[in-house]
Amino acid sequence: MKEIIQKDFEIYFGSDVLEKLAEILINKEYSKVFVLVDNNTKNYCWPILSPYLVNFQLIEIESGENHKNLHNAEKIWTRLQQFQADKHAVIINLGGGVISDLGGFVAATYKRGIDFINIPTTLLGMVDASIGGKLGIDLHALKNAVGVIKNPKYIFIDPIFLNTLPVNERRNGLAEVCKHALIDDKSLFEKLLHIEEKENLDALLFQSIKIKVKIVKKDPFEKDLRKSLNFGHTVGHAIETFSLKNDSNPLKHGEAIAIGMICEAYMSAAIQGLTSSELKSICKYFLNRFPKYKGKLPENELIEYMRNDKKNEEGFINFTLLKKIGKAKINCHCHDELIIKSLAFYKNL
Ligand code: GLY
């Protein structure tokens, strides 16, 4: 088992972390243990976790981003109250980003804050959503419009849960692993270029997790350094929003972000000094792993979504770009023409 121990949270990684969870639950003497699941994690992941727990109350919601809302937050608060959860209760979030965002938000606000523990079950959850304490719910169509930043007490990452996922979920999370490499660690990117689809990822995942922890520890409230995690996300979020509105089988977050990273790498080459050979290897990485998006990429509509992005400051669309592979530059501004050219670049690849 590998561990990362911080002042306010601890991460355990490996195939034996659930024993560690059981030990911690006994020692901490929580008054009540609640486990939040969705219908998928109840079927596929709960049978793996349940042998390690003794007294608990299961709370189930439906799976999917459209359930990360006030209605479900209220439902969970009410269940906590019905079961007389006091300030010494704990919530274990068993699932991907929706479960850890929603369950964490509920825990951080119930009785002004109770402990919560994340057990991410998706690759995206393991390397990104479960770490860094961004919690919240969507407000109508606005993603993460209401929320707080508070770290879980513990994060237990057992790669066994990855076996419960379809292939495209694994790919989805790999986009964020690659983002961590591109903004911070060239050697990780080089390793990613050479791994096979089915290869064991444990060492690379841990390397990626360490990058996320290093960044959120230095800048938990996204004043500067944490913005580097937004590489690929300005264009990527716009494409994700467009695809959600228009496609019967919309792009997953990682797929949209992969396109965003290609476009923003193009912009980086135009104005931040990323070399053309670096741009070429970034494109090669994503094009070899993600199918080319067949939908339209209407420039004006996408730029409009970018203008409404909550990361913007002082009226400018805010980009994180790359000076080189392994080095990000935050707070970059680009002319609309360059954004349009970057979309055309992706279309013509
Ligand atoms: N997912 C980006 C962040 O945690 O800041």
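Since every read-out is calculated from the coordinates, none of them should be taken as a lab result. These figures come from a predicted structure and were not determined experimentally. Glycine gets a Cβ as well: all are built from the backbone with ideal geometry, and neighbour counts include every protein chain shown.
Partner lysines whose Cα lies under 21 Å from the Cα of LYS341, excluding those fewer than 8 positions away in the same chain, are identified as LYS280, LYS284, LYS292, LYS294, LYS296, LYS323, LYS324, LYS329.
Separation of region 111-170 and region 286-303, taken as the distance between their Cα centroids, equals 26 angstrom.
Available extension along the chain between ASP202 and LYS296 is 30.2 nm, counting 0.36 nm per residue and deducting the alpha carbon span.
Between ASN312 and ILE5, residue separation times 0.36 nm minus the direct Cα-Cα distance comes to 107.2 nm. Peptide packing: for 15-21, 339-345, the average count of neighbouring Cβ atoms within 10 Å per residue gives the ranking 339-345, 15-21, highest mean first. Add +1 for every Lys or Arg and -1 for every Asp or Glu among the other residues with Cβ under 13 Å from the Cβ of GLY147, and state the total. Charge balance near GLY147 sits at +2.
Computed over region 23-178, the P(r) tail beyond 27 angstrom holds 15 percent of alpha carbon pairs. Who wins for biggest fluctuation among ASN318, ASN288, ASN168 in a Gaussian network model of the chain, springs between alpha carbons below 10 Å? Most flexible of the set in this elastic network: ASN288. Largest mean-square fluctuation among GLN84, GLN207, GLN57, in a Gaussian network model of the chain whose springs join Cα atoms under 10 Å apart, belongs to GLN84. Would you work out if region 294-349 is rounded, prolate or oblate? Take a ≥ b ≥ c from the square roots of the eigenvalues of the alpha-carbon gyration tensor; rounded if a/c is under 1.5, else prolate when a/b is larger than b/c, oblate otherwise. The shape class here is oblate. Using a Gaussian network model on the chain with a 10 Å cutoff between Cα atoms, which of ILE209, ILE76, ILE160 fluctuates the most? Its mean-square fluctuation being the largest, the pick is ILE160. Let a ≥ b ≥ c be the square roots of the eigenvalues of the Cα gyration tensor of region 93-202; is it rounded (a/c under 1.5), or, if not, prolate (a/b larger than b/c) or oblate? Prolate shape, in that a/c is at least 1.5 and a/b is the bigger ratio. Shape analysis of region 265-324 places it in the oblate category; the axes a ≥ b ≥ c from the Cα gyration tensor give an a/c of at least 1.5, with a/b not above b/c. Each listed q (0.12, 0.15 Å⁻¹) maps to a log10 I(q)/I(0) for the chain from the Debye sum over equal C-alpha point scatterers, namely -0.85, -1.30. Here is the size of region 244-349 from its Cα atoms: Rg then Dmax, 13.6, 38 Å.
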